[in-house]
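Novice: A single structure is presented below for examination.
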Amino acid sequence: MGKKRSRETDGQGDVSMADPAVDKKDDDSSDDEEDMDIVNVDFELFNYDPQIDFHGVKTLLRQLLDVDAQLFDLSSLSDLIIEQNTIGSTCKVDDKANDAYAFLTVLNLQVHRDKKPVAQLIEYLAERARSDESLAAVVPELLASDKHVGLVLAERLLNMPAEVIPPMWTCLIDEIEAAVEDKEPYEFTHYLVVSRAYREVESTLDQTERKPKKAREVAELQYFHPEDEEMRKHALASGTYEYVKEGEFVADSKRAFQEMGIKSCGLIMLIEASKFSGAVQAITEYVGTAT
């Protein structure tokens with residue numbers, strides 16, 4: 001994927017990659033003869049456009065914050081994100097006018113702390129961080145300070161290939177550097193990355209036909225975003241938290257996850273600004289860039 005565009009122009013970068021191969025058997029062939037069709041899809045990065053991106057960003061924010069999304073003013077948060085149209089990217093297919101398949105941005109918590117959606121997030125993240133020993137030692141105090149912390153929000157559709165993500169992070173680094181040169185408020189001491197993860201639990205499918213199982217150890221943490229596993233290695237502190245509204249509201253999609261034995265949770269990673277570029281480089285090497 002090429003560089004998205006300069007801060008002064010409306011150009012765009014793109015990436016061409018093959019979707020996972022689809023096996024298709026020819027009607028006239030034997031069972032062991034297969035033809036493989038590969039579909040090429042061009043993903044493009046765009047700056048935020050207030051006339052286009054509100055609903056796409058809001059939908060992805062709802063996915064990112066899971067059941068706790070109902071605690072926030074997502075409309076105002078979406079507006080704040082797309083107003084920063086030189087910081088962060090949307091990833092789309094075919095045309096700028098389409099909804100985003102992925103988005104990435106960073107918000108200065110100190111600059112925006114008096115705005116309702118940011119104040120809500122600060123209070124929420126500080127409280128959730130207290131439930132994890134690693135996070136509790138540093139995150140609540142940092143959020144209450146006057147330091148400039150960059151809140152990183154990133155999400156994508158579940159079937160998006162991970163290879164499109166490193167270019168988005170690389171563009172973000174470039175844009176932050178350009179903004180700092182222009183004396184804009186993006187010189188952070190830390191980056192606070194909010195993401196999602198999950199653990200495998202006992203499936204509820206056919207549960208009535210199963211005998212009760214003994215309590216087992218907490219399952220290993222799994223990642224919706226593969227790059228998060230690598231990024232955690234560069235974090236000053238990281239940890240997971242349970243959702244406030246867990247069990248109170250279950251959408252059909254979330255119920256399906258639970259029935260299959262998947263329980264999602266929030267993930268927070270705190271990265272010092274001096275180590276942020278290294279973390280982005282590490283996830284680029286870990287995921288691999290599209291060609």
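Novice: Taking the stretch 239-291 as the region of interest, how many residues are modelled with pLDDT of 90 or more and not charged (D, E, K, R)?
Specialist: Residues flagged as modelled with pLDDT of 90 or more and not charged (D, E, K, R) within the stretch 239-291 amount to 25.
Novice: Next question, about the same structure. Go through the stretch 189-222 and give me each residue that's at pLDDT below 85 and exposed (fewer than 11 other Cβ atoms within 10 Å of the Cβ).
Specialist: Answer for the stretch 189-222, where residues must be at pLDDT below 85 and exposed (fewer than 11 other Cβ atoms within 10 Å of the Cβ): 206, 207, 208, 209, 211, 212, 213, 214, 215, 216, 217, 218.
Novice: Can you tell me which residues in the stretch 161-186 are touching a residue at least 40 places away in the same chain (Cβ under 8 Å), surrounded by 14 or more Cβ atoms within 10 Å (Cβ to Cβ) and not in a helix (DSSP H, G or I)?
Specialist: Matches in the stretch 161-186: 161, 186.
Novice: Output the number of residues of the stretch 47-62 satisfying the condition of being surrounded by fewer than 16 Cβ atoms within 10 Å (Cβ to Cβ) and either assigned to a helix (DSSP H, G or I) or among the hydrophobic types (A, V, I, L, M, F, W, C) (or both).
Specialist: 1
Novice: Also, I was wondering about something else. If residue 78 satisfies every condition in (1) crowded, with 22+ Cβ neighbours inside 10 Å; (2) among the small types (Gly, Ala, Ser); (3) in a loop (DSSP other than H, G, I, E, B) but one, which is the exception?
Specialist: (3)
Novice: Restricted to the stretch 83-127, and to residues that are more than 18 Å from the chain's Cα centre (by Cα) and of a type in the set (Lys, Arg), which residue is nearest to residue 175 (Cα to Cα)?
Specialist: Looking at residues that are more than 18 Å from the chain's Cα centre (by Cα) and of a type in the set (Lys, Arg), I get 96.
Novice: Keeping to the stretch 133-160, report how many residues are surrounded by fewer than 17 Cβ atoms within 10 Å (Cβ to Cβ) and not in a helix (DSSP H, G or I).
Specialist: Total meeting the criteria: 10.
Novice: Any residue in the stretch 274-285 that is in a helix (DSSP H, G or I) sitting within a Cβ distance under 8 Å of a residue that is among the polar types (S, T, N, Q) and surrounded by 17 or more Cβ atoms within 10 Å (Cβ to Cβ)? List the pairs, counting only those 6 or more apart or interchain.
Specialist: Matching pairs, first to second residue: 280/170; 284/170.
Novice: Right, residue 70: in a loop (DSSP other than H, G, I, E, B), over 22 Å from residue 147 (Cβ atoms) and not basic (Lys, Arg) or not?
Specialist: Answer is no for this residue.
The values are calculated or read from the model by the stated rules, or taken from the named source; none is laboratory data. Keep in mind the model is a prediction, meaning the values are calculated, not measured. Quick reminder, even Gly has a Cβ in these numbers, built from the backbone with ideal geometry, and neighbours come from all protein chains shown.
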